[in-house]
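The values are calculated or read from the model by the stated rules, or taken from the named source; none is laboratory data. The structure displayed is predicted, hence computed values, not measured ones. Cβ atoms come from the backbone with ideal geometry, glycine included; neighbour counts cover every protein chain shown.
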Amino acid sequence: MSLFDEIKKKLSHEFIDIIEWLDNTDDTIVHRFERYQNEIKNNAQLIVREGQVAVFINEGQLADVFKPGTYTLNTQNLPILTTLKGWKYGFNSPFKAEVYYVSTRLFINEKWGTKNPFILSDERFGLVEIRAFGTYSFRINDPGKFVVDVVGTDGNFTSYEINEHLKSLIVTRFTDTVGQANLPIELYAANTSELSETCQEVMQPEFGRVGIELEKFYIENVSMPEELKKEIFEYSRLDKLDMTKLAQFKAAKAMELAAANEGGTAGAGMGMGMGFALAQQMGGMMNPQATQQPFGQTQQGTMGPPPMPVQVMYHYAANGQQMGPVSIDKLKELFASRTVNKDSLVWKQGMQNWAALKDVEELKSFLGSNTPPPLPTS
């Protein structure tokens, strides 16, 4: 072997290309391997590590994709690029192509949240505003599609760049899914696991269109205004409590507060009287089937003061619906505002059937009188 052949052999070994990427970051998704004028020598060594995929792009067009392994680049393992370049009998070194390394590892604990509250309609509480936030995890499952459709010519594409797009997509789909679920408002916070799974199923096709797989989606919290929380808590308590016991409890609290007010013995006596009256009224409303005691007689059979009079309450019909109960004063206001009229049906306890307002004796005063009283006799 001549001296020239030795030098040529030595130079060929020294100038063999090695294409590889060592990722020392935790947020890089795509890195473009930079070469002078994108030139790659024949038989260059391509090294693709675990958690990576190498994507070859020729003049903006997707060519070959390499999974983890070590490759010697030639026409045998560059079939698509060979076709695009028109290499029928092999290629002359060097050739030009862009090489993008795509990280296929799992990107975890990415944050999402609603920047502004969104409105839901609840059957009991009407229109309510809620917020939500959580985390999600994703990976690139179609590197070629992702590079072509999302990355483009970006030489260093990070998770921050794609997260802004993904968070907007998540919030939109989350809002749609929650709106269609039509759950009672208090159940959103109690069913975050099931709701998270449903949202993930809805969102996955949107992620897949750009080569991304949504691995996990978590709703960590669904929040609502404090006033609404209080209403929900009160509603849940009333739904569980014995209403008669609740009335008695409130009456006892009223007596306690009244007795604590200034006014000495008289104030305390008045407070107790009001408390007993409130207890009787609320107890009667909540438990109409209770046994009636004879007038002026206590349960022990001894004579005592008669019970406080209970205000008569009226039900009325308006727009085909039963309304009330309301007091006679309130009913008079409704008559004056024309919410009810002389022909409106009303009912109170003791009446067998509904009757027109004009036919109820104590309500006839609402109608006024256009006939003067009779003249006095001499």
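Hey, residue 121 hits all of (1) in contact (Cβ under 8 Å) with a residue 12 or more places away in the chain; (2) assigned by TED's automatic domain parsing to the domain that holds residue 157; (3) not hydrophobic (A, V, I, L, M, F, W, C) but one; which does it fall short on?
With respect to (1) in contact (Cβ under 8 Å) with a residue 12 or more places away in the chain; (2) assigned by TED's automatic domain parsing to the domain that holds residue 157; (3) not hydrophobic (A, V, I, L, M, F, W, C), residue 121 is out only on (1).
Cβ-Cβ below 7 Å, separation at least six or inter-chain, first residue in segment 64-86 and assigned to a helix (DSSP H, G or I), second hydroxyl-bearing (Ser, Thr, Tyr): which pairs?
82/75
Got a number for residues in segment 138-172 being under 19 Å from the mean Cα position of the chain (by Cα) and either closer than 23 Å to residue 48 by Cβ or aliphatic (A, V, I, L, M) (or both)?
Of the residues in that region, 4 qualify.
Among the residues of segment 190-207, is any at pLDDT below 90, of a type in the set (Gly, Ala, Ser), part of a strand (DSSP E or B) and assigned by TED's automatic domain parsing to the domain that holds residue 145?
Scanning segment 190-207 turns up no residue that is at pLDDT below 90, of a type in the set (Gly, Ala, Ser), part of a strand (DSSP E or B) and assigned by TED's automatic domain parsing to the domain that holds residue 145.
Looking only at segment 160-189, count how many residues are assigned to a helix (DSSP H, G or I) and more than 18 Å from residue 218 (Cα to Cα).
Of the residues in segment 160-189, 4 are assigned to a helix (DSSP H, G or I) and more than 18 Å from residue 218 (Cα to Cα).
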